[in-house]
Every structure is written in C-alpha cells, then in structure tokens.
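Below: the structure, in structure tokens.
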Amino acid sequence: MGWGDLGAFGEPSKETPNLDQMAAEGMLFLDFYTANPLCSPSRAALLTGRLPIRNGFYTTNGHARNAYTPQDIVGGIPDSELLLPELLKKANYTNKIIGKWHLGQRPQFHPLRHGFDEWFGSPNCHFGPYDNRERPNIPLYRDWEMVGRYYEDFKIDLKTGEANLTQLYLQEALDFISKQQASQQPFFLYWAIDATHAPVYASKQFLGTSQRGLYGDAVREIDDSVGRILKHLQQLGISKNTFVFFTSDNGAALISAPNQGGSNGPFLCGKQTTFEGGMRAPAIAWWPGHIPAGGVSHQLGNVMDLFSTSLSLAGLQPPSDRQIDGIDLLPVILQGKLIDRPIFYYRGNELMAVRAGLYKAHYWTWSNSWEEHSKGIDFCPGQSVAGVTTHTQEEHTYLPLLFHLGRDPGEKYPLSFASEEYQRAVERLSGLAQQHKDSLVPGQPQLNVCDQAVMNWSPPGCEKLGKCLKVPESDPKKCSWPH
C-alpha cells in the first residue's frame, strides 16, 4: 500500500473509513519510512530493528540492485540476528505471524525458529500459478507444516481477482486474539497481509465495490479487516492494553499501475526506488486511553522503530551487543515529542540518499535500467524528472542533489548548488552520511546466491497431503537482479 491509499492521507474516494477512524482516534505519522524500497529487506528491518545492510538483506551482485527474495534464493534471516518475537519471549509473550514471512523459505529460516509460536501464511509472495515442474506453487503453512499451495488449495482467480485469503487471515487474527485474552497471556501479532501486492486479490463480497477498481477492492477489504480487529479488541475489553500500529513495507508498486497499482500521493515514483514514493509509507498508531486522539506527528519514523518501541512497551531493553537503528517512539506517541534523527535510503548495498529535517540529499539516483525500461517496466510512470529519475546509475557524491521536502515533496526542484541554503544543508547531511559509513559493519549478504533446489518443492508436511514434488539437483549460481 502507498502513502496516498488512505482517506486520512488525502485519497479522494474516501474508501478507508476504518483506517481513517483509527487515525482520528490515534496518531497519524506523515513522515514515516520503510527501511528499504522492497518487501523482504524492510520486513527483516522491522523484526531486527536494523538496516538491511546490517542484517544481510541485500545483494552485492550489481551495484545498487534491489533484491527481493524469490523462491530460489539460498539466503534468509541469519541465526545471528535477534528478532523481536525472540526478545518478547523474555516477557512471556506469545507471538504469531499471519501472512507473508519472506525472510527465507529454507527450514533454518522458518519463523517458528526465530521466536514465533504460531504461523498461518506463506514464506513467499503469491506469485503463480506455476507448473510444479520448472517452478513449484508457493505453499501455505500452519505452524511447522504446509497445509496446501496457492492456486491449487488456496484459490486466486487471476481473471476476476477473487480470493478469500484476507478473510482467512482475518479469522486467524480474531481467533488468536480471543485465545490470548482468555488465557490472560500478553501477545504480539504480526498481521502481514498481502492482498494489495500484484496479482491483487479481494474476497467476493468486496469485488467491484471500489471506485478504484480491483486494487481499491483489496484496500477496502483490508480496511474492513482492520476495523474488525480493532472492534474485537474493544469488545474483549483489552483495547486499552493493546498497542496497534498500521503501516506498509514499501511504497505502492507503480510497475503494476494503473489497474493493480496504488497511490503514493504527491511523492515521486514508487516501490523499488529510493525516491519518496518508494519508501515513505502510511503509518497510524492506536492505543485508546494512552495516545491522545487526533494526533498528527512529523516525526521522522521508520519501520525499524517498531522493534525498539515494542521492546519498550514490554519493559525490555534492546540488545546492547549490536547496532540498533530503530528508536523508541513512545515519547513521540505519548508526549508529542520530536526526536532529531536521520533517515538512510538504501538500495542494495548502496546508500542512495539521506534525509534530516526537511532536507534530503541524493548521492545516487536511479529508477531502473534503460534495458528494463524499454521492456515496459516503469517505476515512475508519468513522473519523469530530468536528471533525477535517471535510467543510468548517476553518482552525485561530490555534488548531491538536494531537495526541501516541505516545499517540494515531489522532488521535482533540486536546490541551486550555489545557494547558501544548499551549502548549509549539504554540509550537515554529508556529515551524517559520512559518520554512518565510517561506523558501518555490513552483515553477510544473504541475497547473492540462487539455487533451484531450494525452492518450495517438498516443504514439511507435503507427504501427508501428497504434495511433494521432485527436488532437482543443486546448482547454486549468482542471482541475477535486473532492477
């Protein structure tokens, strides 16, 4: 989902009444970011509180390449990383993930090995259908074992867009919350639905109900589901003891626009890029009786902050043996404070841009290659800005492109190199960038090697279902990252 997909953020069709109500009862974050313009690295960052360059969710194959995790990726979340649910166990939390994991599908990367007690969902995106010979259909798991595969047992109709997955994920959430309330056990629920990721889907009762087409139908169903979860917390009498945060793992994917793409509001480009449309995300904090209603914050926030904030809520300290990039947002949320901190925009292994205050400096610009663009792959449709949305990787290290995001949120008007404002802002931003690079110890890159033998051929539980497929011979090779 994109920044511009919610009525609370200005979406004109106003089809998200529940999320808008959530914002009215809680706090809206207007300057909230993902840690990467792609799903897997930003999810790894959310659960570790660390930039993908530190937790290994990046590639060194081809400079500044974005690296999502397809089925044949060999890597995943390393054992050396401490994930939020692992740490919450120290405070007796029960942890559940519902939906997309995307931090590696090999057994050692399974979420139940990394602090989650329960899982209903999938290790990958719902791409497909595949032929199960060249590429297997993606499995869905209940806890340790698969319970079926997308398109075979969990239908997604690519013609109509119909699938009832969001309803399944919603019911899982409601049941888990009820169970935890009955046992008086503190819980962490990571509700990672993916209906707005192309191929977009929605349940039958939502199909054709939005002015925005199928993508809007999916947004409406997610909005309805969030409303039902919040209402459930209230009916169980635990809403005042439950902190809820809504956000996205990256900006809306304009590559699938207009039919299956979302809105990034006034921001430039979308998913896959380090322009604002790729990394600024909708964000709402809700905690009745604690967060003053109707709050709007301009705090520079990041998904990594949910790691530190959640630990703080549970009365725990973040690990002291590693660099944690997330900050505790509770002073912001509860007292309206502003914390001065930079935002680092990474793409692959390259620091592309830095934001502090209202200024953003680009040290590299790149949308996607001319080769990919000529195939019709466009991350910035209708949004070409000369010298900014470049199709070659352009370095600006010695003379960064500078934007004032208050006056120019769309990154259309670089400040004059000769201006005093430019000199003053760049001096600060380049100092922050250099300080960051000087102290950076990158993690072992997890997204460099691909092997068809590691795909979802025979996941645990496949024997019971008769769903095991023949595993091909191992043939590890360097992954190709065209973007």
Qualifying residues in segment 105-122 (those that are outside any helix (DSSP H, G or I) and out of contact with any strand residue (DSSP E or B) (no Cβ under 7 Å at 6 or more places or on another chain)) - the one most open to solvent (accessible area, probe 1.4 Å): Arg106
Output the residue which, of all residues in segment 20-50 that are in contact with a helix residue (DSSP H, G or I) (Cβ under 6 Å, 6 or more places away or on another chain) and assigned to a loop (DSSP other than H, G, I, E, B), is surrounded by the fewest Cβ atoms within 10 Å (Cβ to Cβ). Thr34
Is it true that Glu411 is at pLDDT 95 or above, touching a helix residue (DSSP H, G or I) at 6+ places or on another chain (Cβ under 8 Å), within 15 Å of Thr273 (Cα to Cα) and among the charged types (D, E, K, R)? yes
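Of the residues in segment 156-201, how many are hydrophobic (A, V, I, L, M, F, W, C), part of a loop (DSSP other than H, G, I, E, B) and touching a strand residue (DSSP E or B) at 6+ places or on another chain (Cβ under 7 Å)?
3
Being open to solvent by 10 Å² or more (accessible area, probe 1.4 Å), under 24 Å from Pro111 (Cα atoms) and not polar (S, T, N, Q): is that true of Lys159 here?
Numbers: open to solvent by 10 Å² or more (accessible area, probe 1.4 Å): yes; under 24 Å from Pro111 (Cα atoms): no; not polar (S, T, N, Q): yes.
No: the conditions fail for Lys159.
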Can you name the residue in segment 51-98 that is part of a helix (DSSP H, G or I) and of a type in the set (D, E, K, R) and, of all such residues, is most open to solvent (accessible area, probe 1.4 Å)? Lys90
Taking segment 1-19 as the search range and keeping residues that are of a type in the set (Gly, Ala, Ser) and part of a helix (DSSP H, G or I), which one is most open to solvent (accessible area, probe 1.4 Å)? Ala8
Only listed residue being over 27 Å from Tyr68 (Cβ atoms), touching a residue at least 12 places away in the same chain (Cβ under 8 Å) and over 27 Å from the mean Cα position of the chain (by Cα), chosen from Tyr413, Tyr422: Tyr422
Boolean, Lys231 is in contact with a strand residue (DSSP E or B) (Cβ under 6 Å, 6 or more places away or on another chain), assigned by the TED database to the domain that holds Gly121 and over 25 Å from Leu47 (Cβ atoms): no
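The values are calculated or read from the model by the stated rules, or taken from the named source; none is laboratory data. Please read these numbers as outputs of a predicted model, since none were measured by experiment. FYI the Cβ positions are ideal-geometry reconstructions off the backbone, even for glycines, and counts take in every protein chain you see. Heads up: the accessible areas ignore ligands, DNA and RNA and are worked out on the full protein's heavy atoms, side chains in. Shrake-Rupley method; radii C 1.70, N 1.55, O 1.52, S 1.80 Å.
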